[in-house]
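Below: the structure, in structure tokens.
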Amino acid sequence: MTAPRRQLLFLVLLVVAATTLRLAYAYWVHAPGRSVISDMAAYHRQARHLLDGTLGPDDTFYPIGYPALIAAAYRISSSSLGLLAVVQAIAGGLTCLMAYLVARRFALPAAWALAAAAIVAAYPPFVFYGSLLLTEAITPLLFTLMIWLLVRVIETRHWRWAAALGVTFAAASLVRTNFLPFAPVVALCVWTGVGRRWRAAVWPLSVAAASAIPLLAVACTLNSSLTGRWSGPSTNGGLNFFMMHAEVGRVRYYDWSTGPVRNQLEYSGVYESPVPFYDEPHFYREGVALMLADPLRAAFRAADGLRETAGLGRQSYWPNLRLPASDGWRGDVYALLGRALRFSALAFLFVLVLPPAIVIAILSARGTIVECGQVVWMATAGALAVMFVTSVLFLAEPRMHVPYDALLIAASLAAVRRGWLAGGREPGSNLNRAAGNPQY
């Protein structure tokens, strides 16, 4: 068997193994419908409202993309959450495939790219969230697919890839609105990839935008009609922004109460809201007022947000579920996964962030990050920036980085290999020779 055929076989086996692992975990240990609390309950309730045609202004709080997936599962199958477990397991398997393809765009050899796919296949947070009714179950696939399509647009300049990029960006943003700030990164990467010529970048970017806007416009129009004022794809930004700066554990509006884990760990007070949670302007005004009243305290809160997202704070991956002791070996498996999750949270900064951040810093210092062959590194820099800005302004916990982790796994291996080659451990090889990139 030739080397390319062996590599393809190994890749297919990894995809199948990753899918099977997630299915086995969901079937024998923890199915998506077993824990329906907090955000999970809200997604499920929104899906039921979507099916029943009873959407209200409260249903604008979360973006409609993931509830629409749950609703589709209910429409297709009587075993709806079982079907959703299958869909999420397949998404996990396909994330391995996309991690391999993206790793190759870092100019990694096939063996290293297969290593990236293997890590993604067994990555504890991906297995964990694949069994829950949370957006982290599918956003790693959507984001990694978006990165690969971005590179394909630059490689081919074909309108079909640009259209696919736009649709994927819109779909990802309707599942997780934190992806919206990534739009300028997409534009900058395309501009860089076509030789820093805006005239050449206008066409693919216009096609991508034209493909993304209809889906986003439908969601915004629906939310605006439900709230009675202009609204974006979701209305939770204001409350999340306020809670980043408010020294209270929870916010309550009549019989509705919510609060991020970090606030509940640090504070015990309750903010009695005069407006519903979806009233974004009110919460943005209150949050800005808190920042202006004590800028130094706001800076410390921002630094603490970075610490929490980087896994160095008091939080691990939410939710911290425990199976009852009566579940026997299932509880043991869950406990083992819990320990793996805590280790993953602590290792994230040092294993997945620092190596690519060092390469990005070196490329930036040399001015080579804006060269065509470094587009994927620019996209990685943009992903890190969006992730940490979101952590400073809105939510701060380890699961905030999960959608970006497949890209960061590939980038980390690429950074390690760069260091390997630069150290002379593999004489005569050059990581970027095939891509035409400058020698590192």
Overall form of the stretch 3-422 per C-alpha gyration tensor (a/c, 1.5; a/b vs b/c): rounded
With only helices counted (DSSP H, runs n ≥ 4, each -39500 (n - 2.57)), the per-residue ellipticity at 222 nm for the chain, to the nearest 500, works out to -21500 deg cm²/dmol
If neighbour count is taken as other Cβ atoms inside 10 Å, put Y404, Y267 in order from fewest to most. Y267, Y404
Relative contact order computed over the chain (Cα-Cα under 8 Å; 6+ residues apart), in percent: 18
Label point 7 Å beyond Cα of L222 along Cβ direction - residues of the stretch 388-408 with amide nitrogen under 13 Å: none
Where a ≥ b ≥ c are root eigenvalues of the Cα gyration tensor, a/c under 1.5 meaning rounded, otherwise prolate if a/b exceeds b/c and oblate otherwise, the stretch 96-223 counts as oblate
Which whole-angstrom value gives the distance between the alpha carbon centres of the stretch 254-306 and the stretch 180-243? 26
Can you give me the angle between helix 329-347 and the longest principal axis of the chain, using Cα atoms only, in degrees from 0 to 90, rounded to the nearest 10? 70
Give me C189, C220 sorted ascending by neighbouring Cβ count inside 10 Å, so fewest comes first. C220, C189
Neighbour counts of other C-beta atoms within 10 Å: give me W112, W377, W159 arranged from fewest to most. W159, W112, W377
Angle between the Cα long axis of helix 38-52 and the longest principal axis of the chain, 0 to 90 degrees, nearest 10? 80
Summing +1 per Lys or Arg and -1 per Asp or Glu among the other residues with Cβ less than 13 Å from C372's Cβ gives +2
Return one number: the angle in degrees, 0 to 90 and rounded to the nearest 10, between the long axis of the Cα atoms of helix 139-156 and the longest principal axis of the Cα atoms of the chain. 40
Furthest towards positive pole of dipole, S78, S344, V120, structure part the stretch 3-422, Cβ charges: V120
Placing unit charges on C-beta atoms (Lys and Arg positive, Asp and Glu negative, everything else neutral), compute the dipole magnitude of the stretch 256-301 about its Cα centre in debye, rounded to 20. 180
Taking alpha-carbon centroids only, the stretch 19-96 lies from the stretch 353-381 a number of Å equal to 37
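No value in this document is a laboratory result; all are computed from the given coordinates. Keep in mind the model is a prediction, meaning the values are calculated, not measured. A quick note on method: Cβ atoms are made from the backbone with ideal geometry, for glycine too, and the neighbour counts reach across all protein chains shown.
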